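What follows is a short report on a single structure.
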Amino acid sequence: MSYDITYSDLNPTLLFAGKQYATGQRESHKHDRTEILCILSGNQHMEVNGTIYPVSSGDIIILNPGTMHHTIINEVDPALVFFTGFTNFHFKDMPPNSIILPDNSAILHTDFQFRQDIFRLCFDMVAERYSNQVGQYFMQKSYLIQLLLLVIRHIKECPKEHPFATSFETYHKTYVVKEIRTYLNNHYSEKISLDLIAKNMYLSSAYISKIFKEETGETPINYLIKLRLEKAKEQLETMPQESVKTVSTNVGYEDVYYFSKLFKKYYGMSPLNYRINHRKIG
């Protein structure tokens, strides 16, 4: 389905973004802006235009301008909610500054893959709010634009029964593997575990291990080992003043004996012998 969006359609003004636990019982009210709420954890009820909706982790609430709403708090398991307000956008076949969901519902339920992409953007927006970096507003706005595009794609182009759902799944897996590789390439010198990678990706360790092997033919941990050893080999060649222990530490291995054992397994000689042989060849 073709669904063109121009710059003038999607150049929103971001008003705010943050996250907090839902507290208190605020009276029903409305805004002249658009708001998106995303339930990050927990559950609650939302009354929107007189209809009460149960919402839980992963649900997205769309509050268009003039929408009467209020939150019904769950005191036992209060929801952690991401919220953002914005204006100045217009999607095709929808009123300006509005997002119309199927059946005119106010709630967009998410599947596993879509939820992880949305969560990541929510956390990125909140982190950027406190970053004090140059271009902070524009970085948050870029995340908002991505969030809006994911929502509109989900509404218009990627329902589960869509014949190209398999293509979307393939895209998602490729994207996740790319993110894992980028993370490993940037953090190989640090302490890394599969659980840590999964936490940073907002995914389960079993899932990322499965799709990484499907896409690359090896597990994330094996990829990390090869990456570290390749970096160690480079340092042994270019940093002759550094000891083997220092090189081991530089690539994330505190135990130099374990590092040497791995290096010999992959390259057929110890790190020290590799350095000596490289000098002879050089």
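Laid out as a table, the results:
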read-out	value
Options THR71, THR34, THR84: the member that is in contact (Cβ under 8 Å) with a residue 24 or more places away in the chain, within 20 Å of ALA127 (Cα to Cα), surrounded by 14 or more Cβ atoms within 10 Å (Cβ to Cβ) and among the polar types (S, T, N, Q)	THR84
Residue identified as more than 27 Å from TYR207 (Cα to Cα), open to solvent by 50 Å² or more (accessible area, probe 1.4 Å) and among the basic types (Lys, Arg) among ARG115, ARG129, ARG153	ARG129
Failed item, numbered, when ASN104 is tested on (1) on the phi > 0 side of the Ramachandran plot; (2) open to solvent by 50 Å² or more (accessible area, probe 1.4 Å); (3) under 21 Å from the mean Cα position of the chain (by Cα)	(3)
Candidates TYR274, TYR257, filtered to the one that is aromatic (Phe, Trp, Tyr) and either surrounded by 13 or more Cβ atoms within 10 Å (Cβ to Cβ) or in contact with a strand residue (DSSP E or B) (Cβ under 8 Å, 6 or more places away or on another chain) (or both)	TYR274
Residues (buried (at least 20 other Cβ atoms within 10 Å of the Cβ) and hydrophobic (A, V, I, L, M, F, W, C)) located in the range 49-61	VAL55, ILE60, ILE61
Subset of the range 175-196 [surrounded by 18 or more Cβ atoms within 10 Å (Cβ to Cβ) and over 19 Å from LEU229 (Cα atoms)]	VAL176, VAL177
The range 96-110, residues that are without any contact (Cβ under 8 Å) to a residue 12 or more places away in the chain and over 20 Å from PRO54 (Cα atoms)	PRO96
Those residues of the range 107-118 which are of a type outside the set (Val, Ile, Thr) and either farther than 18 Å from GLY42 by Cα or not in a loop (DSSP other than H, G, I, E, B) (or both), in sequence order	LEU108, PHE112, GLN113, PHE114, ARG115, GLN116, ASP117
Helices (runs of 4 or more DSSP H) wholly inside the range 176-282 containing at least 2 residues that are out of contact with any Pro (no Cβ under 7 Å at 6 or more places or on another chain), closer than 30 Å to PHE119 by Cβ and at pLDDT 85 or above	205-216, 220-238
Residues of the range 238-253 satisfying the condition of being open to solvent by 30 Å² or more (accessible area, probe 1.4 Å) and closer than 16 Å to LEU227 by Cα	THR249, ASN250
Among the candidates GLU237, GLU254, residue that is acidic (Asp, Glu) and in contact (Cβ under 8 Å) with a residue 24 or more places away in the chain	GLU237
Residues (modelled with pLDDT of 90 or more and either more than 21 Å from THR110 (Cα to Cα) or basic (Lys, Arg) (or both)) located in the range 71-93	PHE86, THR87, ASN88, PHE89, HIS90
Identity of the residue in the range 1-54, within 21 Å of ILE72 (Cα to Cα) and of a type in the set (Lys, Arg), that ends up modelled with the lowest pLDDT	ARG26
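The values are calculated or read from the model by the stated rules, or taken from the named source; none is laboratory data. It should be emphasised that the depicted structure is a prediction, and the values quoted were computed from it without experimental measurement. In this analysis, Cβ positions are derived from the backbone assuming ideal geometry, glycine residues included, and neighbour counts consider all displayed protein chains. Note: areas computed on protein heavy atoms with side chains; ligands, DNA, RNA excluded. Shrake-Rupley method; radii C 1.70, N 1.55, O 1.52, S 1.80 Å.
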